[in-house]
Amino acid sequence: MQIVNQSEVPWEERRSPKGRFHLFRRHLSEALGAPRGAGVAGGGHPFDVEMTRLAPGTANFPLHAHSAQWEIYIILSGSGEIQADDTVNAIKPGDVLMCPPGEAHQLRNTGAEELVYYVIADNPPADVGYYPESQKWAILPHRKFFRMQEVPYYEDEE
């Protein structure tokens with residue numbers, strides 16, 4: 001068994017170039033020895049846990065959906081909203097949110113204080129992300145982002 005006190009885990013800051021997306025997170029699973037994005041087959045844990053602080057007026061990430069990963073959010077303090085596909089709901093301390101694969105989601109801090117929450121995600125060995133607003137795709141855990149267009153199935157195969 002491993003034990004870590006979350007107060008001893010350093011905060012990692014992540015900020016987009018223009019500041020629309022700005023958060024601080026503690027990678028609790030990594031502090032317990034799980035390699036980032038490795039999945040169980042790569043020596044990781046079957047789930048990933050982070051504590052996150054979201055600055056007022058910002059969002060955690062661009063609206064996105066996972067093809068394989070489930071995420072659960074546990075709101076500790078602050079206020080905000082979650083967008084899930086085309087629906088927006090207010091969130092507050094004590095709320096627990098579940099985002100299944102295929103559902104585009106984004107958290108936004110609409111309050112005056114930091115929005116603090118845990119995010120717990122299962123840790124699939126591979127995942128494909130989709131960003132509906134920018135029409136981008138992501139291959140995870142490799143973190144390769146791209147745009148694509150549909151082609152016929154047999155094109156360039158024969």
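The numbers here are math on the coordinates, done by the rules we state, and not lab data. All figures in this text were calculated on a predicted structure; none of them were measured in a lab. Cβ atoms come from the backbone with ideal geometry, glycine included; neighbour counts cover every protein chain shown.
Rank the residues I3, I74 as a footprinting-exposure proxy: fewest other Cβ atoms within 10 Å of their Cβ go first.
By the 10 Å Cβ count, ascending: I3, I74.
Calculate for the chain the 222 nm mean residue ellipticity that helices alone would give, adding -39,500 (n - 2.57) per DSSP H run of length 4 or more and normalising by residue count, nearest 500 deg cm²/dmol.
-500 deg cm²/dmol
Determine the distance separating the Cα centre of segment 1-16 from the Cα centre of segment 46-62; give it in Å without decimals.
First find each Cα centre; the distance between them is then 13 Å.
How about K92: which lysines have a C-alpha closer than 23 Å to its C-alpha, ignoring those fewer than 8 places off in the same chain?
none
For S29, S16, what's the fewest-to-most ordering of other Cβ within 10 Å of each Cβ?
So the ranking, lowest neighbour count to highest, is S16, S29.
Compute log10 of I(q)/I(0) for the chain with the Debye formula, placing one identical point scatterer on every Cα and leaving out solvent, at q = 0.09, 0.10, 0.12, 0.13 Å⁻¹, to two decimals.
Evaluating at q = 0.09, 0.10, 0.12, 0.13 Å⁻¹ gives log10 I(q)/I(0) of -0.32, -0.39, -0.56, -0.65.
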